[in-house]
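Everything on this sheet refers to the single structure shown next.
The values are calculated or read from the model by the stated rules, or taken from the named source; none is laboratory data. In this text, all values refer to a predicted model and were calculated from it rather than measured experimentally. Backbone-built Cβ (ideal geometry, glycine too); neighbour counts: all protein chains shown.
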Amino acid sequence: MAGALGIPVLSGDDAVEDSYSRLSASAMLPVSADPRPADTTAPAVTSAIGGEQLAPQAASLPNLDETTEVDVASLTKAARMGEQAAKVEQAISGAMSHGAPEAVLYDGDALVMPTAGRFTSGFGARWGVQHYGIDLAAPIGTPIFALTDGVVEKAGPASGFGMWVVLKHADGTKSVYGHINRSLVEAGQEVRAGDEIAEVGNRGQSTGPHLHLEIWQSDGSKTNPLPWLTERGLDVGNATGGRDA
């Protein structure tokens, strides 16, 4: 159908198709480049933002002298002390992880208070016989812990003690735990400081439940456990509530 000027008039789908055709033709027209030449007189970017501020500056370093070296040495020493303190804390925490009441580090080795009890009897003559250890009174079943790292030499029945555990340590010293209710270790077993090895009992020649602790030197002689423990930083009185009156 033609319009008043003789131009065909389209309608419906024909009109839509014609519109798409015109748009497509327009899209295919070439785009002319900007004929204006580049402005070579424009200031450089560095000038626009203050080029002098971007110019490299000579690095200003502090003078390294003997004082500086001393400071570095001090920092290194402090770092090493911090590492050592962390190792000590780790060793003590590990030794107390099974419930030992107290732990210390002595000559690089962890030591623990072997049980939580009350000091009732010391080393020396008693009732006409020699008492070769100290007694720590506690209820039957109270955990007994390895004094320090060692190997179980004996565990089981023992004359006078009823039952005992004997640990041999790296320096040849032995720790003896007597009158125990039951052993939790076997001969030949390696133990670490603070491992639970037995329970407090009342077996053998005993007047009440307690741990009888002895320290045997490498030559077989028996030493007083009280000063031996104190020298290493373990205070029986503080750890167990004091001596029985």
For GLY237, the lone unmet condition from (1) more than 21 Å from ASP109 (Cα to Cα); (2) surrounded by 20 or more Cβ atoms within 10 Å (Cβ to Cβ); (3) not charged (D, E, K, R) is (2)
Search result, residues across region 185-212 that are under 31 Å from the mean Cα position of the chain (by Cα) and not in a loop (DSSP other than H, G, I, E, B): GLU190, VAL191, GLU196, ILE197, ALA198, GLU199, VAL200
VAL151 is checked against (1) farther than 19 Å from VAL104 by Cα; (2) surrounded by 20 or more Cβ atoms within 10 Å (Cβ to Cβ); (3) touching a Leu at 6+ places or on another chain (Cβ under 9 Å) and fails just one. What number does that condition carry? (2)
Filtered residues of region 99-149 (kept if at positive phi and either of a type outside the set (A, V, I, L, M, F, W, C) or in contact with a Gly (Cβ under 6 Å, 6 or more places away or on another chain) (or both)): GLY99, ASP107, GLY108, GLY124, GLY128, GLY141
Is at least one residue of region 78-87 in a helix (DSSP H, G or I) and in contact (Cβ under 8 Å) with a residue 60 or more places away in the chain? no
So GLY194, is it surrounded by fewer than 20 Cβ atoms within 10 Å (Cβ to Cβ) and out of contact with any Leu (no Cβ under 7 Å at 6 or more places or on another chain): no
Taking only region 76-113 into account, find how many residues are surrounded by fewer than 17 Cβ atoms within 10 Å (Cβ to Cβ), hydrophobic (A, V, I, L, M, F, W, C) and under 14 Å from ASP195 (Cβ atoms). 0
Show the residue pairs meeting these rules: Cβ distance below 7 Å; 6+ apart or different chains; first residue within region 98-119 and within 24 Å of PRO209 (Cα to Cα) and touching a residue at least 40 places away in the same chain (Cβ under 8 Å); second residue among the basic types (Lys, Arg) and assigned to a strand (DSSP E or B). PHE119/ARG243
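Give me the residue from region 64-83 that is at pLDDT 70 or above and of a type outside the set (A, V, I, L, M, F, W, C) and, out of that set, farthest from GLY233 (Cα to Cα).
Step one: filter region 64-83 for residues at pLDDT 70 or above, giving 71-83.
Now narrow it down to the ones that are of a type outside the set (A, V, I, L, M, F, W, C): 71, 74, 76-77, 80, 82-83.
Values: ASP71: 34, SER74: 29, THR76: 29, LYS77: 26, ARG80: 23, GLY82: 21, GLU83: 22 Å.
Ranking the candidates gives ASP71 first.
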Among the residues of region 129-151, is there at least one that is small (Gly, Ala, Ser), more than 18 Å from GLY208 (Cβ to Cβ), within 23 Å of the chain's Cα centre (by Cα) and in a loop (DSSP other than H, G, I, E, B)? yes
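Hey, any hits in region 228-235 for a residue that's part of a loop (DSSP other than H, G, I, E, B) and of a type in the set (Lys, Arg)?
yes
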Looking only at region 213-230, and only at residues there that are in contact with a Pro (Cβ under 7 Å, 6 or more places away or on another chain) and among the hydrophobic types (A, V, I, L, M, F, W, C), the one that is nearest to THR173 (Cα to Cα): ILE215
If you go through region 164-183 one residue at a time, do you hit one that is surrounded by 19 or more Cβ atoms within 10 Å (Cβ to Cβ), outside any loop (DSSP other than H, G, I, E, B) and in contact with a helix residue (DSSP H, G or I) (Cβ under 9 Å, 6 or more places away or on another chain)? yes
